[in-house]
Amino acid sequence: MAVPKCKVSKARRDTRRSNNTKLEACGLVKCSNPECNEMNKPHRVCKVCGFYDGKKVLDVKA
Ligand SMILES: [Zn+2]
């Protein structure tokens, strides 16, 4: 059976747990288009206006 080689310090253990809870909490970011105000998933083109990183990259059928 595998046995841990070193004791994980409280700081390292707590950092690991806090990172996991952070991933669950965040899931949406505001659209980069100031006129859109839509909430989108990060690193994806906005479905409503076609903006990504402040630029229009996709023509959306209105
Ligand atoms: Zn948008």
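In the set 34, 4, which member is in a loop (DSSP other than H, G, I, E, B) and near the ligand (Cβ under 10 Å from one of its atoms)?
Working: 4 fails: near the ligand (Cβ under 10 Å from one of its atoms).
After ruling out the rest, the residue left standing is 34.
Checking residue 27 against (1) within 16 Å of the ligand (Cβ to nearest atom); (2) in contact (Cβ under 8 Å) with a residue 12 or more places away in the chain: exactly one of these is not met. Which one?
Exception for residue 27: condition (1).
Among (1) more than 14 Å from the chain's Cα centre (by Cα); (2) open to solvent by less than 100 Å² (accessible area, probe 1.4 Å); (3) at pLDDT 90 or above, where does residue 45 come up short?
Failing condition for residue 45: (1).
All but one of (1) surrounded by 11 or more Cβ atoms within 10 Å (Cβ to Cβ); (2) of a type in the set (A, V, I, L, M, F, W, C); (3) over 18 Å from the mean Cα position of the chain (by Cα) hold for residue 1, so report the exception by its number.
(1)
The values are calculated or read from the model by the stated rules, or taken from the named source; none is laboratory data. In this text the structure is predicted, and so the values were computed from the model without any measurement. Glycine gets a Cβ as well: all are built from the backbone with ideal geometry, and neighbour counts include every protein chain shown. Accessible surface areas use protein heavy atoms only, side chains included; no ligands, DNA or RNA. Shrake-Rupley method; radii C 1.70, N 1.55, O 1.52, S 1.80 Å.
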